[in-house]
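One structure is given here, and the rest of the page talks about it.
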Amino acid sequence: MPPIWPFGKKKEPDQLEEAPPTPIMYKMGESASQQTLADETHKNSNDYKSALALFGGGETDVKKAEDQSTQYDGVVSGDGQLSSAPSQTTQNLPEITKRTEAPKQVQTKPPAVPSKPAPPAVPKTPAFTWVHHSDGYHYKKKSDGSFDATPHVKNNSGSYIPYS
């Protein structure tokens, strides 16, 4: 029998039972859609005016977005202040009108042919390696990755003998 849980049972979260809002569907060329889009009665609500006062800088009229590049005066420093002094890191670079240096010629040499081909390198892989397991025994790991199931013990001389 499991121990008694000291914290009580989980409670279902409180759910509000209200109908979801009805979606507004707009269709091209429909007079009801045109009438809904032309409706500007929301501009008289206090929430709308408060939002305009907060985000619109106190203005109550909404204007179309302007091209911000017309208000750009120059380089602005990282702290937001207009940088009036010319930058000291500016360099006067010459205008590049034509290439003044000749393109590099790529010389192709025939590949060097060794006089005698080298013998293929044969990796010397032992038939097995010893792996010390966390249980204190040593196991033979074969070159194909499998293990020998017989545990071995290491002697003081460094040789391995099967555990019996």
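The values are calculated or read from the model by the stated rules, or taken from the named source; none is laboratory data. Predicted, not measured: the structure shown is a model, and the values here were computed from it. Glycine also receives a Cβ, built like all others from the backbone with ideal geometry; neighbour counts cover every protein chain displayed.
Sort through SER134, SER146 and tell me the only one that's among the polar types (S, T, N, Q) and either surrounded by 10 or more Cβ atoms within 10 Å (Cβ to Cβ) or modelled with pLDDT under 80 (or both). Only one candidate qualifies: SER146. Among the residues of segment 44-67, those that are at pLDDT 80 or above and either in contact with a Phe, Trp or Tyr (Cβ under 7 Å, 6 or more places away or on another chain) or surrounded by 10 or more Cβ atoms within 10 Å (Cβ to Cβ) (or both) comprise SER45, TYR48, LYS49, SER50, ALA51, LEU52, ALA53. Within segment 149-161, being in contact (Cβ under 8 Å) with a residue 24 or more places away in the chain and loosely packed, with under 12 Cβ neighbours inside 10 Å holds for no residue. Applying a threshold of 9 Å to beta carbon distances and a minimum spacing of six or more residues, or different chains, the list of pairs starting in segment 131-148 at a residue that is more than 14 Å from PRO162 (Cβ to Cβ) and assigned to a strand (DSSP E or B) and ending at one that is of a type in the set (Asp, Glu) and modelled with pLDDT of 85 or more reads LYS141/ASP148; LYS142/ASP148.
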